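Trainee: Submitted below is the structure of interest, expressed as structure tokens.
Just so it is clear, none of the values below were taken in a lab; they were calculated from the coordinates. Quick caveat: nothing in here was measured; it's all calculated off a predicted structure. Cβ sites come from the backbone with ideal geometry, for glycine too, and all protein chains shown count toward neighbours.
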Amino acid sequence: MRSRLSAPSIWSIFLLAAFTIWITARAKLLEKSRTENQRALAILNKRAPDFKLPALDGSIVSLSDYEGKKKLVLSFWASWCGPCRLELPALRSFYERAHKPDVDFEFLAISIDDTREAVEATAKAAKLPFPVLLDLRQTAAHAYGVYGIPALFIVDKSGRVAYGVVGFNAGLEFALASQLGIDPKTISPGVADVPAGH
């Protein structure tokens, strides 16, 4: 004689299966994230690969344009990337508050999108105040070991990669201030940083 499973038993098996699938996917995601970070961090303390990329304003920008003059914050991103859409406003906010005429750093937003139109639309919507470069063939991204985005690197004046991180970091502005030698207290808060209603 066959015994039938009760509804609560079936429900329990379903929940256990769903949890198993979720935890496995989560573990794979964490493993992938770790691998992407290791690839990006492999370039740390090494000479930054040079690149020549077109900017949205029509100019050609290369890493060597800044060597010996300014530190560079390189942000690799794409219009379809959700975490990038969180990082770009944070970069804009920091840049608008910290970038003065006499500073020794510049930001370059390097898009790995397939089309110029997607880059233009996102850059315009995000109101990016710094140069936006097109890496349509992802040659610069591959040279920097970028396999996950957003990926952010800081290149010092001597052309060495001093800092790198993959993924959106909620403490991004503090990390940037620290890496660029800026006292976070000297940067006045941006509009996005002021609590609503105050």
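Trainee: Estimate the FRET efficiency between Asp65 and Leu86 by the formula 1/(1 + (r/R0)^6), using the beta-carbon distance for r and 22 Å for R0, to the nearest 0.05.
Mentor: Efficiency, rounded to the nearest 0.05: 0.15.
Trainee: Kindly write out, for segment 144-157 in residue order, the coupling ³J(HN,Hα) from the Karplus curve 6.51 cos²θ - 1.76 cosθ + 1.60 (θ = phi - 60°), rounded to whole Hz, with x marking Gly and Pro.
Mentor: So the Karplus estimates, Gly and Pro as x, are 8, x, 8, 10, x, 10, x, 10, 10, 10, 10, 9, 6, 5 Hz.
Trainee: Mind giving me the nanometre distance, one decimal, between the label points for Lys127 and Asp102, set 7 Å out from Cα along Cα→Cβ?
Mentor: 2.8 nm
Trainee: OK, next. Using θ = phi - 60° and the Karplus form 6.51 cos²θ - 1.76 cosθ + 1.60, what ³J(HN,Hα) does each residue of segment 81-98 get, whole Hz, x for Gly and Pro?
Mentor: Karplus values, whole Hz, x for Gly and Pro: 8, x, x, 5, 5, 8, 6, 4, x, 5, 5, 4, 4, 4, 4, 5, 8, 9.
Trainee: Let me ask something else about it. For Ala55 and Lys157, compute 0.36 nm times the residue count separating them, minus their Cα-Cα distance, and round to one decimal in nm.
Mentor: Gain on stretching Ala55 to Lys157: 34.6 nm.
Trainee: So, one more: At q = 0.13, 0.15, 0.16, 0.19 Å⁻¹, what is the log10 ratio I(q)/I(0) for segment 39-192, with the Debye formula run over Cα points and no solvent?
Mentor: Values, matching the q order: -0.53, -0.73, -0.84, -1.25.
Trainee: Taking the alpha-carbon distance from Lys124 and a cut-off under 20 Å, which aspartates and glutamates remain once sequence neighbours fewer than 8 residues away in the same chain are dropped?
Mentor: Here the aspartates and glutamates satisfying the reach criterion relative to Lys124 are Asp57, Glu87, Glu96, Glu106, Asp113, Asp114, Asp135.
Trainee: Then there is this: Starting at the first residue of segment 54-64, write each ³J(HN,Hα) from the Karplus equation 6.51 cos²θ - 1.76 cosθ + 1.60 with θ = phi - 60°, in whole Hz, x for Gly and Pro.
Mentor: x, 9, 4, 7, x, 7, 10, 10, 10, 4, 5
Trainee: Return the lysines within reach of Lys157: Cα separation strictly under 23 angstrom, same-chain partners fewer than 8 residues apart disregarded; answer none if there are no such residues.
Mentor: Correct list for Lys157: Lys46, Lys52, Lys69, Lys70, Lys71, Lys100.
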